[in-house]
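In what follows, a structure is listed as structure tokens, so that the remarks can point back to it.
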Amino acid sequence: MNDNRLGSAVSPYLRQHAENPVDWREWGPDAFAEARERDVPVLVSIGYATCHWCHVMARESFSDPGVADLLRQDFVAVKVDREERPDVDASMMAAASAFTGQLGWPLTVFTTPDAHVFFAGTYFPPEPVQQVPSFRQVLGAVLDAWRERRDEVDANASAIATAIRQGAGADATASSGDGRGDGEPRLPAVDTVRGVLDQLRQVEDTTYGGFGGAPKFPSAPLLELLGDLAADDPDGTDATAGARGLLDRTLDVIARSELTDADGGVFRYATQRDWSVPHYERMLYDNAGLLAVAGSAQARGIAAFLRDTLRRPDGAFVAAQDSESTIDGRRVEGEWYRRPLAERATLDPPPLDDQVLTGWNGLAIRGLAVAGARHGDDEMVALARGAADAVLAAHVRDGHVAVRSSSPRGTSSAPATIEDVGLLAEGLLELALVTGAVSYASAARVLVDDGLAGRFGADPVLDTAGTATGEQPQTALRSGTVGLASAAATLAALTGERSYRDAAARLVADRARSGTERPLGYADALGLALALGRPSREVVVVTADREDPMRAAAFGARRPGTTIAAVTPAQADEWGAAGFALFEDRATHDTVAFVCHDRVCALPATTVRTLVDQLAS
């Protein structure tokens, strides 16, 4: 008997499990209603399409007819793609932290029919290994507790749900989305943010580079924070030199190590302290995040990987490339990547996680736009523009994000999250500033207004359970909350509306304060707090020549608190007419640059020398 329900799923990860003998359901009210009717626990198994250990557990356990019979008889089995449903993943991860400190994927969670977690772990082998029980043993122990110690199970599940509810309530109070909460947001002082550098120095691996021991992650948000700290003090103090040195050393070792593939793409992490033996999957978010800080050669390599491997014909980027490929009839991890490039061309490449995620594409748009402006690379900007046009056409309706995830099989019903709204808005604004195309800025403004009003979809199961956590701390992926706050701060500079800057401070204040003690999970918030702690500076270059050296001089002066735009005279008029007051009366037939501090502008600069002098002040 096989009543697996995943055959029509949009998610490539769910479809990978469509042939399992397990009678999988998708996440939703129907699965939990069935569990209530049968009075059985729910197995929630979470992973993603390019996850190696997810593949392993699928082959070892979920393809086992005996395991499938156990699940069919005594459980309701639910499969979740953590990329498609980050809200579910965040809630289950928060609960799983009560049982294990080794969080990751596959995530194996058992809940009551009310979706309250009472036991969780990660990968379980088919046979016991040292202190790790087999998956069958776990199922037996869970079932025994469910039948023989039900009061204890319900009490534990209720306590965990209460803890999650209280934590989520505190986060919501600290970061009220509309910026109209009582009292002023308490951002950490600039000196406090800069003091984080001392913590990072202490955990630098001075032997092999990077931070801490194995495994080693690229941690793009942390590297971007180092770039912000380095750019924040143009006089080059010892602290700044320390930030620049940390950043350059880490980027250099990533570029030279096995973590970077021969085609320029960067793997998710290295399993060894010396950056060797990569975990071979390649994620859009890691590569997109690194673009914002990478040097010229590294950025061009990453952009080429996005263009040649992850880009769809319509311009959007898919989520990832798998760690495994089929060689000589056998699924193997990493072997394709270990072959020379010429030999790879004769083999089937690792498959793609072919879903298009709105937020991750926003991150790619931002990274490509920032890198393209910094390195004078028009192709990167064109790639950003192609992705923006594709996502706006397919995922945004009537100005609002309507789709989080889509694939060639259709559109997912998963609700859009703050990640989608915030990261897309931030990416569109960066693209607008680089291209001068006001349409992207106007689209971003609608998205920011949506985000500040809290217009996100809600999951009915988590809502009923009271365990929706909101966005959790990020280490590899830029936070959607921070993206939304950053976009709001940029809009404040462009429009002159102080309410946007106040909302940005309120969104990021609590995260930034947490980051002064735990910078790894809140590096992006610290970077934005640094920007909000500085007086706003706006730079507008008006020129009809995209090769004008004043453009390069302006974009080369990117630092926290500075908004930089380049427009043609006609574009300046369009921005002003669209309600972006910074551009009013800026149209001129001569090349000119305006450097303003809190909208108070110096005399127009008509030479590169004058502009550089003004930017240095």
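We did not get these values from a lab; they are worked out from the coordinates using the rules stated. Not measured: the values here are computed from a predicted model. All Cβ positions, glycine included, derive from the backbone under ideal geometry; neighbour counts span all protein chains shown.
What the Cβ-Cβ distance of ASP545 and ALA304 gives, at R0 = 30 Å and to the nearest 0.05, is a FRET efficiency of 0.65.
Computed over the chain, the Cα gyration tensor eigenvalues convert (square root of 5λ each) into semi-axes of 43, 26, 23 Å, ordered from largest to smallest. What is the helix-to-structure angle for 238-256, meaning the angle in degrees between its Cα long axis and the longest Cα principal axis of the chain, kept from 0 to 90 and rounded to the nearest 10? Around 50 degrees separate the two axes. Placing +1 on the Cβ of every Lys and Arg and -1 on the Cβ of every Asp and Glu, with nothing else charged, gives the range 12-172 a dipole about its Cα centre of roughly 180 debye. Extending 7 Å from Cα along the Cβ direction at GLU584 and again at GLU343 yields two label points whose distance is 6.6 nm. When the P(r) of the range 213-370 is calculated, the portion above 26 Å amounts to 29% of the C-alpha pairs.
Listed highest first by mean packing, meaning other Cβ atoms within 10 Å per residue, what order do 28-37, 258-267, 429-438 come in? Display every interim value, and only then the final one.
Numbers: 28-37: 15.4, 258-267: 20.4, 429-438: 25.3.
Descending packing order for the listed peptides: 429-438, 258-267, 28-37.
Compute the acute angle (0 to 90°) between the alpha-carbon long axis of helix 220-232 and the principal axis of greatest extent of the alpha-carbon atoms of the chain; round to the nearest 10°. Approximately 20 degrees, to the nearest ten.
If you count the DSSP beta bridges with both ends in the chain, what percent of them are antiparallel, to the nearest 5? Mind dumping the intermediate values first?
Details: 39 of 53 bridges.
Roughly 75 percent of the beta bridges in the chain run antiparallel, per DSSP.
Panel note: the C-alpha atoms of the range 12-172, placed on their principal axes, show extents of 40, 36, 35 Å (largest first).
Loop-located trypsin sites (Lys or Arg not before Pro) in the range 52-135 (DSSP state not H, G, I, E or B) with no more than 10 neighbouring Cβ atoms inside 10 Å do not occur.
If you take the beta carbon distance between ALA616 and ASP263 as r and set R0 to 35 Å, what does 1/(1 + (r/R0)^6) give as a FRET efficiency, to the nearest 0.05? The partial results should precede the final answer.
Working: r = 39 Å, r/R0 = 1.12.
Here the calculated transfer efficiency is 0.35.
Rounded, prolate or oblate: pick one for the range 13-76, where a ≥ b ≥ c are the square roots of the eigenvalues of its C-alpha gyration tensor, a/c under 1.5 means rounded, and failing that, prolate if a/b is larger than b/c, else oblate. Could you put the intermediate results ahead of the total?
Working: a/c = 2.44, a/b = 1.51, b/c = 1.61.
Note, shape of the range 13-76 comes out oblate.
Decide, for the range 1-40, between rounded, prolate and oblate: order the square roots of the alpha carbon gyration tensor eigenvalues as a ≥ b ≥ c, take rounded if a/c falls under 1.5, and otherwise choose prolate if a/b is larger than b/c, else oblate. List each step's numbers first, then the result.
On the way: a/c = 3.19, a/b = 1.65, b/c = 1.94.
Here the range 1-40 falls in the oblate category.
Dividing the mean sequence gap of close Cα pairs (under 8 Å, 6+ apart) by how many residues the range 482-530 holds gives a relative contact order of 33 percent.
Under the definition of Cα pairs under 8 Å and six or more residues apart, what whole-number percent is the relative contact order of the chain? Don't skip to the end; give the middle numbers.
On the way: 1262 pairs, mean separation 81.3, N = 617.
13 percent.
In the range 535-617, one over the average inverse separation of all distinct C-alpha pairs is 12.5 Å, which is the Kirkwood hydrodynamic radius.
So, by mean Cβ neighbours within 10 angstrom, what's the order for 221-232, 346-357, 599-610 with the highest one leading? Before the final figure, lay out each step's value.
Numbers: 221-232: 24.4, 346-357: 19.2, 599-610: 14.5.
Peptide ranking by packing, descending: 221-232, 346-357, 599-610.
For the range 1-145, what is the relative contact order in percent, using Cα pairs closer than 8 Å and at least 6 residues apart in sequence? Spell out each step's value before the answer.
Details: 256 pairs, mean separation 36.0, N = 145.
Dividing the mean separation by the residue count of the range 1-145 yields 25 percent.
Helix 378-395 axis versus longest C-alpha principal axis of the chain: approximately 50°, rounded to the nearest ten.
Once the C-beta distance of ALA141 and ILE327 is scaled by a Förster radius of 51 Å, the resulting FRET efficiency is 0.85 to the nearest 0.05.
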